[in-house]
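K.L.:
Below is a structure I'd like to ask you about.
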Amino acid sequence: MTAAPAPATDAPVTEDGVLLDARNVTMQFGGLRAVGDVSMQVHAGEIVGLIGPNGAGKTTFFNCLTGLYKPTAGSVTFAGQPLPPRPRKVVYAGMARTFQNIRLFHNMTALENVMVGRYCRTKSNAFDAVFRLPRHRREEREATERSRELLAFVGLENKADTLSRNLPYGDQRRLEIARALATDPKLLLLDEPTAGMNPQETREAEDLIFRIRDLGLAVLVIEHDMRFIFSLCDRVYCLVRGEVLVEGAGDIVQNDPRVIEAYIGAPTVVEEDGNDA
Amino acid sequence: MSRFTSALTIPAEKLEKFQTAAHIGGIVAAALGIVSVLLPWSYAHEALDDVTYSAAPSPLQYNYIGLAVIAVVLFAAPLVLRKPGKARDWVAWNTGARFAGYGLLATGFVGVAAIGIESGGLINVDPGGWLALVAGVVGAVSGLVLFRSPEPSMGRIKTNTIVQIIAIAGGLAAVLFAAAFALGLSGAGAFLFYLTFAAFLALTLVRTGVFGWFAKCAADNKKILVLAAFFVAFVFPFTQNGSDANMSIATQVLIFSATALGLNIVVGLVGLLDLGYIAFLGAGAFTSAVLSGSLYSHIHWHPPFIVTVLISGCVSSFLGLIIGTPTLRVSGDYLAIVTLAFGEIFRITMNNLDGSDGPNITNGSNGINNVPELSFLGFNFGDAHQIFGIQVGRFANYFWLMLLVLAVIMVVFVNLNRSRIGRGWVAIREDELAAEAMGVNTFGLKILAFAGGAFLAGLAGAVKAHYDVSVTPDQYVFLESAFLLAAVVLGGMGTVMGVLIGATILKLLPEKLRFFSDYRLMLFGLLLVFMMRFRPEGIIADERRQLEFHAEDEELAEDVQEELIAYHDHFNPDAVTTEDLR
């Protein structure tokens, strides 16, 4: 087995505090330019929003960052190091994500799901496991403890042994976040964490993301719920047709006529809650 | 409650008044069955291992009597236990009675049919045989009419540990006795009759809930169960009176099981379809044969067997790496095709390494013959030995060696399954992309499964070479790969017990049903089709697998969750409890 690098929390951050630095990222599928020339910085301990109408290329950009796609052009550096274009190595480097349509391991329990997240931070190999050597037993114990902590952190401590397919929708979203947190990330990428949630659950998700930031993590979040994103994020990027339209603090982006036009299409009508496209 | 509470689609109201009659009918049927064995079933000695005597049942017929007695108890109990109470709720009397009734019919039918075939016509069936068939029909009809019982509660009884251990010991002793008895039957008809009897007895026990209680005993004392099971397997050769025929079959079963368990890692845990797995067994066997010091081998280096075994495993896993590294990037159907081709390439290569074009390693299609018997510290595996005053032959020695290898393979399988690697494997099977995105080294883990499974097959192959005495390429054809896969699928992917049972069935049946050998493939084809239709998760279901096949079944999901909780509580009694969940 390949040895995992040291936990990302020890990795150095560049002097100006830039954790993620994407420069001129372009993703071209044949003739389709899904993401064009997008640059983005995320600083340590910052919550950054990424908004844009459907088909704007938000998830494609996420996939470029996390190694699922190899960008056609541009560079991505993370904590001063160029990001390897393999999802697994991106996780080792300290960047974890959730999925737009939940991708849990459905026939594993909540606890097991989170423990899969611990995989990249444990090292015991087949030999250790077969002979139940001390390293294996210590890591199993630690992984179980850490996973239970994380379940408690997201509020699922009573559902550790529930199969994830039996969890309610909101809990599945939170479990996915716990699983991502189990990889000890420095930057958490959330792809529409409140999709399909009711207002109550959305408020809880907001609270959870603030608590994650308080742990010292940076968060990059894709959302359609404008109220959610503007109350949550320090900075917001608005992506339209694969390109950054506006970037800045929440209220600036919120009141930018181009953003409103991109979402609603009629510049004369101004509604505070321009929900969804 | 549904409107139809019996197995028939007749409304409950109409059947209500026949209930008592059905109970009595069942008792009468069982009594008829017992009377029938007191009469001769046939005057032909060659049928059913001789059932010609009146008032002196043959050993086979004693089993039939046992089933009849169980049927009497099951049919009669609800008449006696009229008030609801513990004893009434513990056991699903009616449901069990129905299957006992089916059992009487099935054994009666197989008995009459076997007599007809083995003695050359139904003319040779005597009144006893016909009476047994009639008893079966009455029993089955009575069972059909009975209302189903509520879920039995026996599986939830709390039992003293000592009683549980005694139950385990008794159960295993019964299994040992049954296995020895079955192998001792000479005629194919008798064997089929016994198989039918055993299957329906097991089914009856499962349906009454008695089996649930045994399962709980076993689950509460897993370590004792495993040790006891190995002890039973260990003493098995002593029950054979030095007979080589049965020990030879038993050893083949063990070799087959060990290989199937290796395949189970690849197919059952990681979900990769491997259709050329037999090549790894073959690689182990050829390596072992070449290094065995056989006169036909062209390599004159003869290391001790313990070294040879490890080399065989390594050669196999090296082949696994060679085939896996380029192909594991593809998955599903593509991987199946590639591995299928690999199995054939292996066989043809072994056929061609005969010196005419390239090195002479395997003597081509002649293979390597006269592989010498193993010998440890003066203990020659080829000789018969006296142990505790009981004669055990050559095959018993290999049986014990294979038992050791199987134990090693089981430990590897179980321990890997319960580690970060096992979790990674299951994650890959569930959602490979998500696993990769969570930092699981999917490619590395797939290679590990491939090479690890191949290593285990190589171990089994090393013993097989000595057991078979000669190793030829045509022992390792695609059909064998298909049989291995069938054993895994039939028994239950991802489980140890299931695969052992599947391998036993697939290896034992063709040996005992030689007369059927022409139709062997057809029989297995039918068996697999029926399994896929009625129980796609295999005889013993892996909890997770069962869910994959019955995704819409909420009740099942709840059950599995309960089991996982119980399992978890069992291993982490101090951890956060799951009370809130219940």
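K.L.:
Using DSSP to define loop residues, name the trypsin sites (Lys or Arg not before Pro) in the stretch B:113-191 whose beta-carbon has at most 13 other beta-carbon atoms within 10 Å.
P.N.:
B:K158
K.L.:
Between B:K158 and B:A219, what is the label-point separation in nm under the 7 Å Cα-to-beta-carbon projection?
P.N.:
1.6 nm
K.L.:
Fully extended, how many nm does the chain gain between B:V175 and B:N369 (0.36 nm per residue separation, minus their Cα-Cα distance)?
P.N.:
66.1 nm
K.L.:
Of the heavy-atom accessible surface of the protein assembly as shown (probe 1.4 angstrom), what whole percent is carbon and sulfur?
P.N.:
That fraction is 62 percent.
K.L.:
Given H placed 1.01 Å from N in the peptide plane, which residues other than close sequence neighbours of A:E46 have an amide H under 5 Å from its amide H?
P.N.:
For A:E46, the qualifying residues are A:A218, A:V219.
K.L.:
Further question on the same structure: Find the relative contact order for the stretch B:237-305 and round it to a whole percent, using C-alpha pairs within less than 8 Å whose residues are 6+ positions apart.
P.N.:
Relative CO of the stretch B:237-305 lands at 13 percent.
K.L.:
From the phi of every residue in the stretch B:287-293, what ³J(HN,Hα) in whole Hz does the Karplus formula 6.51 cos²θ - 1.76 cosθ + 1.60 yield, where θ is phi - 60° and glycine or proline is x?
P.N.:
Using θ = phi - 60°, the values come out as 4, 4, 5, 5, 8, 7, x Hz.
K.L.:
For the stretch A:109-179, state the average projected area of the convex hull of the C-alpha atoms over all orientations, rounded to one decimal in nm².
P.N.:
Over all viewing directions, the stretch A:109-179 projects a mean Cα-hull area of 4.6 nm².
K.L.:
On to the next question. Any idea what the alpha-carbon Rg over 2.2 N^0.38 Å comes to for chain A?
P.N.:
Against the empirical 2.2 N^0.38 Å value, I get 1.03 for chain A.
K.L.:
Let me ask something else about it. In nm, give the distance between the simple-model label positions of A:S75 and B:L227, each being 7 Å from the Cα along the Cα-to-Cβ direction.
P.N.:
About 6.4 nm, to one decimal.
K.L.:
What net charge do the residues around A:T98 carry, taking every other residue with its C-beta under 11 Å from that of A:T98, with Lys and Arg at +1 and Asp and Glu at -1?
P.N.:
Neighbour charge sum, excluding A:T98 itself: +2.
K.L.:
Okay, moving on. Largest first and in whole Å, what are the equivalent-ellipsoid semi-axes of chain B based on the Cα gyration tensor, each being the root of 5 times an eigenvalue?
P.N.:
Whole-Å semi-axes of the equivalent ellipsoid: 44, 32, 22.
K.L.:
Hey, another quick one. Could you work out the helix-only [θ] at 222 nm for the protein assembly as shown, with each DSSP H run of four or more residues adding -39,500 (n - 2.57) and the total divided by the number of residues, to the nearest 500 deg cm²/dmol?
P.N.:
-18500 deg cm²/dmol
K.L.:
Treating the angle as unsigned and between 0 and 90°, give the value, to the nearest 10°, between the Cα long axis of helix B:394-417 and the longest Cα principal axis of chain B.
P.N.:
90 degrees
K.L.:
Separate question: Starting from the 7 Å offset along Cα-to-Cβ, what nm value, one decimal, do you get for the label separation of B:R329 and B:S186?
P.N.:
6.2 nm
K.L.:
Amide H to amide H, which residues 5 or more places from B:L185 or on other chains are under 5 Å from it, using H placed in the peptide plane?
P.N.:
Residues meeting the criterion, in which the H sits 1.01 Å from N, do not exist here.
K.L.:
Going by alpha carbons, how many degrees (0 to 90, nearest 10) lie between the helix axis of A:134-154 and the longest principal axis of chain A?
P.N.:
40 degrees
K.L.:
Read phi for every residue in the stretch B:354-366 and hand back ³J(HN,Hα) as whole Hz from Karplus 6.51 cos²θ - 1.76 cosθ + 1.60, θ = phi - 60°, with x for Gly and Pro.
P.N.:
Listing the rounded values in order: 10, x, 6, 10, x, x, 9, 10, 10, 6, x, 6, 6 Hz.
K.L.:
Chains A and B: what accessible area do they bury, summed, in square angstrom to the nearest 100, with a 1.4 Å probe?
P.N.:
What A and B bury together is about 4000 Å².
K.L.:
Right, next: Among the trypsin sites (Lys or Arg not before Pro) within the stretch B:391-477, which fall in a DSSP loop and have no more than 15 other Cβ atoms within 10 Å of their own Cβ?
P.N.:
B:R418
K.L.:
Still on this structure, please answer the following. Amide H to amide H under 5 Å from A:R97: which residues, 5+ apart in sequence or cross-chain, H placed 1.01 Å off N in plane?
P.N.:
Those lying under 5 Å, H to H, from A:R97 are A:L189.
K.L.:
Which shape class, rounded, prolate or oblate, goes with the stretch A:71-217 when its Cα gyration tensor gives a ≥ b ≥ c as root eigenvalues, a/c under 1.5 marks rounded, and past that a/b bigger than b/c marks prolate?
P.N.:
Oblate, because a/c is 1.5 or more while a/b does not exceed b/c.
K.L.:
Return the FRET efficiency for the residue pair B:F376, B:V69: r is the Cβ-Cβ distance, R0 is 41 Å, and the value is rounded to the nearest 0.05.
P.N.:
The calculated FRET efficiency here is 0.30.
K.L.:
Report, in debye and to the nearest 20, how large the dipole of the stretch B:2-135 comes out about its Cα centre when Lys and Arg carry +1 and Asp and Glu carry -1 on their Cβ.
P.N.:
Value, rounded to 20: 940 debye.
K.L.:
With a Förster radius of 22 Å, plug the Cβ-Cβ distance of B:K14 and B:A113 into 1/(1 + (r/R0)^6) and report the FRET value to the nearest 0.05.
P.N.:
After rounding, the FRET efficiency stands at 0.05.
K.L.:
If each Cα of the stretch B:352-473 is one equal point scatterer, what is log10 of I(q)/I(0) from the Debye formula at q = 0.13, 0.16, 0.20 Å⁻¹?
P.N.:
Debye curve over Cα of the stretch B:352-473, log10 I(q)/I(0) at q = 0.13, 0.16, 0.20 Å⁻¹: -0.77, -0.89, -1.05.
K.L.:
Using Stokes-Einstein with the Kirkwood hydrodynamic radius over Cα pairs, what translational diffusion coefficient do you get for the protein assembly as shown at 37 °C and a viscosity of 0.692 mPa s, in µm²/s rounded to a whole number?
P.N.:
For these conditions, the coefficient is 106 µm²/s.
K.L.:
Also, I was wondering about something else. Can you tell me the convex hull volume per residue for the stretch B:456-543, based on C-alpha atoms, in Å³ to the nearest whole number?
P.N.:
Enclosed volume per residue, from the Cα hull, is 111 Å³.
K.L.:
Of the options A:A126, A:V154, A:A178, report the single residue whose Cα projects farthest towards the positive end of the charge dipole of the stretch A:109-179 (beta-carbon charges: Lys, Arg +1; Asp, Glu -1).
P.N.:
Comparing the listed Cα positions along the dipole, A:A126 ranks first.
K.L.:
So, one more: In nm, what is the difference between 0.36 nm times the number of residues separating B:R533 and B:H300 and their Cα-Cα distance?
P.N.:
Roughly 78.6 nm would be gained on extension.
K.L.:
For the stretch B:147-297, just say rounded, prolate or oblate: build the C-alpha gyration tensor, square-root its eigenvalues into a ≥ b ≥ c, call rounded for a/c under 1.5, and beyond that prolate if a/b exceeds b/c, oblate if not.
P.N.:
prolate
K.L.:
What number comes out for accessible area per residue over the protein assembly as shown if the probe is 1.4 Å? Units Å², please.
P.N.:
44 Å²
K.L.:
Using θ = phi - 60° and the Karplus relation 6.51 cos²θ - 1.76 cosθ + 1.60, list the HN-Hα couplings for the stretch B:76-84 in order, rounded to whole Hz, with x at every Gly or Pro.
P.N.:
Here the 3J(HN,Hα) series is 7, 3, x, 5, 7, 8, 7, 7, x Hz.
The values are calculated or read from the model by the stated rules, or taken from the named source; none is laboratory data. This one's a predicted model, so the numbers in the text were calculated from it and none came from an experiment. Neighbour counts run over all protein chains shown; Cβ positions are idealised from the backbone, glycine included. With ligands, DNA and RNA removed, areas are computed over all heavy atoms of the protein, side chains included. Shrake-Rupley method; radii C 1.70, N 1.55, O 1.52, S 1.80 Å.
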